[in-house]
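Written out below as C-alpha cells is the structure these notes cover.
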Amino acid sequence: MSVRSVLTKAAVRDLARSRSYMVAFVVISLFFVAILYVIGVRLLITPLLSRPTLDRELLAGAAAGLVYCTVLIITGLSLDISSTQPLIRGKASGSIESLLATPVAARDLWFALSIASILPGIVAGIGAGVVAAVVLGALYLAPNGIPIATPWMIVNCFVLLPSVYLMLAFLVHAIGVPGRVTSGAVIAQVFLPVYSSLIINLGARGVVAVTRLDLALVQLGLMVATTGIVAAVVRGVTKERIVLSCRR
C-alpha cells in the first residue's frame with residue numbers, strides 16, 4: 001500500500017469521526033436541498049405538467065437540472081466544510097508537522113488531504129443525485145414516457161461535475177496546506193454560489209442544459225483551467241513552507 005493511500009485513509013477516517021463536521025454537513029445539506037426541491041418542483045416541474053401540451057424536452061431538462069444541482073450543492077458544501085477546520089486543527093495540533101518529520105513527502109500529504117476533503121462529498125453527492133433521479137423519474141418522467149436518465153445527464157452529473165470538484169479540492173489545498181488555510185478555503189466558498197448562479201441563469205436562458213453536450217464542454221474547460229492552475233501552484237507545496245505555515 002502506497003504512502004498516499006495510507007495518508008488518505010487516515011485523513012478520511014479522522015474526518016468521519018468529527019461529529020461537528022457530520023452534523024454541519026448533514027443539517028446544511030438537507031436545508032439547501034429541501035429549498036432546492038420546493039422551489040424547483042413548484043416553479044419548474046408543476047407549471048410544465050399543467051400545460052395543455054407537455055413539452056417533454058423541457059420536463060426532462062428540468063428534472064435533470066434538479067439532479068445536477070443536488071450533486072453540486074452536496075459536493076460543494078462538503079468541500080466548504082472539510083477544507084477549513086480539519087486543516088486548521090491539523091496545523092494547530094502539530095500532527096502535520098509530526099508527519100512531515102517522517103519520510104512523508106510534502107506532495108503526498110497535499111494529495112491525501114485533498115482527496116480526503118472531497119471524497120465524502122463526492123460519494124454523498126452522487127448517492128443523493130441517484131436517489132433524486134430515481135424519485136423524479138418515477139414521479140414525473142416515467143408516467144409520461146420520458147427516460148429517467150440520458151447519456152449526457154449521466155456524464156454531466158456523475159462524471160464531470162465530481163471531477164471538477166476533485167480538481168478544485170487539489171487547488172484549495174495547494175494554497176491552504178503551505179499557506180493560510182483561509183486563503184485556500186475561500187476558493188471553495190466562493191465557487192459554489194458563483195458557479196450555481198451562473199449555471200442556473202444560463203440554464204434558464206437555454207444557453208446550456210444538463211441533457212446536452214454544451215454543459216459538458218463548459219465543465220471540461222473548467223477542469224482544464226483548474227488543472228493548469230494546480231500544476232503551477234503545487235510547486236510551492238514544500239515541507240519548509242508547510243512547517244512555517246503551521247507556526248504562524
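Scanning the range 26-47 for residues that are closer than 27 Å to S114 by Cβ and touching a residue at least 60 places away in the same chain (Cβ under 8 Å) yields S29, V33. Report yes if G236 is at pLDDT below 95, within 22 Å of T70 (Cα to Cα) and of a type in the set (G, A, S), otherwise no. So G236 does not fit the description; no. The set of residues from the range 94-113 being without any contact (Cβ under 8 Å) to a residue 60 or more places away in the chain and in a helix (DSSP H, G or I) comprises S95, S98. Screening L168, L222, L202 for residues that are in contact with a Ser or Thr (Cβ under 8 Å, 6 or more places away or on another chain), open to solvent by less than 60 Å² (accessible area, probe 1.4 Å), farther than 23 Å from L54 by Cβ and in a helix (DSSP H, G or I) leaves exactly one candidate, L168.
Each row is one residue, and each column tells you yes or no for (1) under 30 Å from T53 (Cα atoms); (2) open to solvent by 30 Å² or more (accessible area, probe 1.4 Å); (3) touching a His at 6+ places or on another chain (Cβ under 6 Å); (4) not in a loop (DSSP other than H, G, I, E, B).
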| residue | (1), (2), (3), (4) |
| --- | --- |
| V123 | no, yes, no, yes |
| A132 | yes, no, no, yes |
| Y140 | yes, yes, no, yes |
| V164 | no, no, no, yes |
| I175 | no, yes, no, yes |
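Screening S50 with (1) surrounded by 23 or more Cβ atoms within 10 Å (Cβ to Cβ); (2) free of Cβ contacts under 8 Å to residues at least 24 places away in the same chain; (3) of a type outside the set (A, V, I, L, M, F, W, C) gives one miss only, at (1). The numbered conditions (1) under 23 Å from S197 (Cβ atoms); (2) open to solvent by less than 80 Å² (accessible area, probe 1.4 Å) are all true for Y21 except (1).
For the residues L72, L79, L87, the requirement of being in a helix (DSSP H, G or I), at negative phi, open to solvent by less than 20 Å² (accessible area, probe 1.4 Å) and in contact with a His (Cβ under 9 Å, 6 or more places away or on another chain) singles out L87. Do the conditions hold for A92, that is, is it aliphatic (A, V, I, L, M), modelled with pLDDT under 85 and more than 30 Å from L213 (Cβ to Cβ)? Here the answer is yes, as A92 does meet what is asked. The sole residue among V207, V230, V234 that is in contact with a Lys or Arg (Cβ under 9 Å, 6 or more places away or on another chain) and either part of a helix (DSSP H, G or I) or exposed (fewer than 15 other Cβ atoms within 10 Å of the Cβ) (or both) is V234.
The values are calculated or read from the model by the stated rules, or taken from the named source; none is laboratory data. This is a predicted model, so every value here is computed, not measured. Virtual Cβ from ideal backbone geometry, glycine too; neighbours counted across all protein chains shown. Surface accessibility is based on the protein's heavy atoms, side chains included, excluding ligands, DNA and RNA. Shrake-Rupley method; radii C 1.70, N 1.55, O 1.52, S 1.80 Å.
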